Amino acid sequence: MNNKLFDGFDSVSSKQWKQKIQYELKGADYNNTLIHKTDENIAIKPFYHSDDFKTHPSISNTRATQWKICQSIFVADVKKSNKKAINAIERGAESITFIIPSDDVSVSGLLHNINLNKTLVYLELLFLPSKFIKNLDAIPNAKTIYILNDIIGNLAKSGNWHKNIQNDFKTFQSTVKHTSQIYVDAGLYQNAGANMVQQLAYALAHANEYLNYLENEKAIPTTIKLIFNISVGSNYFFEIAKLRVLRKLWSSLSSEYSIETHCDIIATPTKRNKTIYAYNTNMLRTTTECMSAVLGGANVICNLPYDSIYHKSNKFGERIARNQLSILKNESYFDKVDNPSDGSYYIETLTDELCEKALNLFKDIEAQGGFLKQLKSGIIQRKIKENANKEQQRFDAEKDILVGTNKYINPNDCIKNELELYPFIKTNQRKTLIEPIIERRLAESIEQNRLKSE
């Protein structure tokens, strides 16, 4: 047993592998045939080798054994939402995100009979939490409740501040003082069509606006929990690398402010590739996206029900979404290794390249005045639109495939009578300070045309 398994085999260098491949190509050009570039301008090679590394990559500090299954619940009725949360916990949820639309919600009623020592609770607030935060002090174990409130994210999504920039940031400062938490909802950028370099750079620049403000106000805590909400797409290995890069970038940025920090990542499958036709394929898409989230080191994964685009919240869709994660954890053993993607030459290379490109873009944003300035001038919106249009063109040309929608279509598939929600972009003309960043699914135009002919 002391003999190494591969001692009887000669090692093969990267150069030898490439020579063998070139021989098998029978004269075809290696670069043009086997290497292609992504939207992020990253060249994908046919193989990766240890020769590509001067030193072996360091071990990451992710804890994939500790990821939590989360269920999201919109609070329209406190008692019903509490009952729904308890039922979800009994059926496998380890974390609950309550989406709260107004500050008159009773948090104690919402958390009734929920063991905060065993269940992570996130409160996603769709309003400025001026008075709301103070009410948490009366709740036992309130320190295990995490507040998700992103004033810059609200500006990016809606085009307006809650009240105004001064008031919003003062409330943000008060919230951080009370909780030592910062929340960055970066999922919007992916759902609107940003490429991965943009997603990472915008998330980092978004977070840096908060740190800059706190530092200028001399109100930056010595310890901060930073919570990122990230959307995960279907580019399996790239998405694994994306989450790894986000941690590295945040670690680097926070060290510049000399703060002790802990970074949590909440991952949710993207809406961008979801469809209303052949909707069961959404389950396949969300499964691989959740796998990427686990392998990339997400702390909490909140799966997207396969029918959430066109159905109201329902027990069946939510149970399937929850069970997908339970299968990954309890039957596929996705919680048995802390850092499962470490040491993969391909993923390590993607991590390094994405990190370098995202950091360069972040530096460029900061050199041009910062994220808020570029958001107000429309630069961020324009850049996202440019990449989204490239993706849309590839989809329309059937170069990017969504099975059942732009390829392998079932002409007898009908959905019109199933629609409980409007699944397309809603236009509501109103006055905004900036152009909002709009989430858009790739399949919308095709689906609208098909609905007309049903």
Q. Which ones in the stretch 113-131 are assigned to a loop (DSSP other than H, G, I, E, B), closer than 16 Å to THR171 by Cβ, open to solvent by less than 50 Å² (accessible area, probe 1.4 Å) and of a type in the set (A, V, I, L, M)?
A. LEU128
Q. Between a first residue in the stretch 153-166 that is within 14 Å of GLU209 (Cα to Cα) and a second residue that is part of a helix (DSSP H, G or I) and polar (S, T, N, Q), which pairs have beta carbons less than 7 Å apart while being 6 or more apart in sequence or on different chains?
A. none
Q: Hey, can you tell me all the residues within the stretch 282-338 that are within 24 Å of ILE425 (Cβ to Cβ), within 18 Å of the chain's Cα centre (by Cα) and not in a helix (DSSP H, G or I)?
A: CYS302, ASN303, LEU304, PRO305, TYR306, SER308, ILE309
Q. What pairs can you find where one residue is in the stretch 263-279 and at pLDDT below 95, the other is part of a strand (DSSP E or B), and their Cβ atoms are less than 6 Å apart, with a gap of 6+ or different chains?
A. CYS263/LEU226
Q) Taking the stretch 238-260 as the search range and keeping residues that are touching a Ser or Thr at 6+ places or on another chain (Cβ under 7 Å) and not basic (Lys, Arg), which one is most open to solvent (accessible area, probe 1.4 Å)? A) GLU260
**Q.** Subset of the stretch 79-95 (residues that are in contact (Cβ under 8 Å) with a residue 40 or more places away in the chain and surrounded by 21 or more Cβ atoms within 10 Å (Cβ to Cβ))
**A.** ALA88, ALA93, SER95
Q. Can you tell me how many residues in the stretch 214-237 are open to solvent by 40 Å² or more (accessible area, probe 1.4 Å) and in a helix (DSSP H, G or I)?
A. 4
Q: State whether the residues of the stretch 274-294 include one that is closer than 20 Å to CYS355 by Cβ and not β-branched (Val, Ile, Thr).
A: yes
Q. Which of the residues spanning the stretch 29-83 are assigned to a helix (DSSP H, G or I) and within 28 Å of ILE96 (Cβ to Cβ)?
A. ALA64, THR65, GLN66, VAL78, LYS79, LYS80, SER81, ASN82, LYS83
Q: Identify, by number, the condition in (1) open to solvent by 70 Å² or more (accessible area, probe 1.4 Å); (2) of a type in the set (Phe, Trp, Tyr); (3) closer than 21 Å to ILE266 by Cα; (4) without any contact (Cβ under 8 Å) to a residue 40 or more places away in the chain that PHE98 doesn't meet.
A: (1)
(Q) Which of the numbered conditions does CYS70 fail, given that it passes all the others? Conditions: (1) open to solvent by less than 50 Å² (accessible area, probe 1.4 Å); (2) under 22 Å from HIS162 (Cα atoms); (3) in contact (Cβ under 8 Å) with a residue 60 or more places away in the chain. (A) (2)
Q: Run down SER251, SER255 and say which single residue is part of a helix (DSSP H, G or I), free of Cβ contacts under 8 Å to residues at least 12 places away in the same chain and over 21 Å from LYS399 (Cα atoms).
A: SER255
(Q) Out of the residues in the stretch 281-301 meeting the condition of being out of contact with any strand residue (DSSP E or B) (no Cβ under 6 Å at 6 or more places or on another chain) and hydrophobic (A, V, I, L, M, F, W, C), tell me which one is least open to solvent (accessible area, probe 1.4 Å). (A) VAL294
Q: Might you let me know whether the stretch 407-429 holds any residue that is part of a loop (DSSP other than H, G, I, E, B), open to solvent by 90 Å² or more (accessible area, probe 1.4 Å), on the phi > 0 side of the Ramachandran plot and not acidic (Asp, Glu)?
A: yes
Q. Taking GLN198, is it open to solvent by 10 Å² or more (accessible area, probe 1.4 Å), out of contact with any Phe, Trp or Tyr (no Cβ under 7 Å at 6 or more places or on another chain), touching a residue at least 24 places away in the same chain (Cβ under 8 Å) and under 20 Å from GLY153 (Cβ atoms)?
A. no
Q) In the stretch 12-67, what residues are hydroxyl-bearing (Ser, Thr, Tyr), at pLDDT 90 or above and open to solvent by less than 80 Å² (accessible area, probe 1.4 Å)? A) SER13, SER14, TYR30, THR33, THR38, TYR48, SER50, THR65
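Test LYS399 against the stated conditions and say whether it is assigned to a loop (DSSP other than H, G, I, E, B), in contact (Cβ under 8 Å) with a residue 60 or more places away in the chain and of a type in the set (Lys, Arg).
Values: assigned to a loop (DSSP other than H, G, I, E, B): yes; in contact (Cβ under 8 Å) with a residue 60 or more places away in the chain: no; of a type in the set (Lys, Arg): yes.
It is false that LYS399 is assigned to a loop (DSSP other than H, G, I, E, B), in contact (Cβ under 8 Å) with a residue 60 or more places away in the chain and of a type in the set (Lys, Arg).
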Q. If you check LYS376 against the conditions, is it closer than 22 Å to LEU211 by Cβ, at pLDDT 95 or above, part of a helix (DSSP H, G or I) and open to solvent by 50 Å² or more (accessible area, probe 1.4 Å)?
A. yes
Q: Could you identify the single residue in LYS157, LYS163, LYS170, LYS177 that is under 23 Å from the mean Cα position of the chain (by Cα) and open to solvent by 10 Å² or more (accessible area, probe 1.4 Å)?
A: LYS157
Q: Can you confirm whether the stretch 261-280 contains a residue that is surrounded by fewer than 21 Cβ atoms within 10 Å (Cβ to Cβ), closer than 23 Å to LEU325 by Cα and of a type in the set (S, T, N, Q)?
A: yes
Q | Any pair with Cβ under 7 angstrom, 6 or more apart, that starts in the stretch 364-377 at a residue that is under 16 Å from LEU200 (Cα atoms) and ends at one that is modelled with pLDDT of 95 or more and exposed (fewer than 14 other Cβ atoms within 10 Å of the Cβ) | A | GLN374/GLN368
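The values are calculated or read from the model by the stated rules, or taken from the named source; none is laboratory data. Because the structure is a prediction, the values reported are computed rather than measured. For neighbour counting, all protein chains shown are included, and Cβ atoms are generated from backbone atoms with ideal geometry for every residue, glycine included. Side chains included, ligands, DNA and RNA excluded: accessible areas come from the protein's heavy atoms. Shrake-Rupley method; radii C 1.70, N 1.55, O 1.52, S 1.80 Å.
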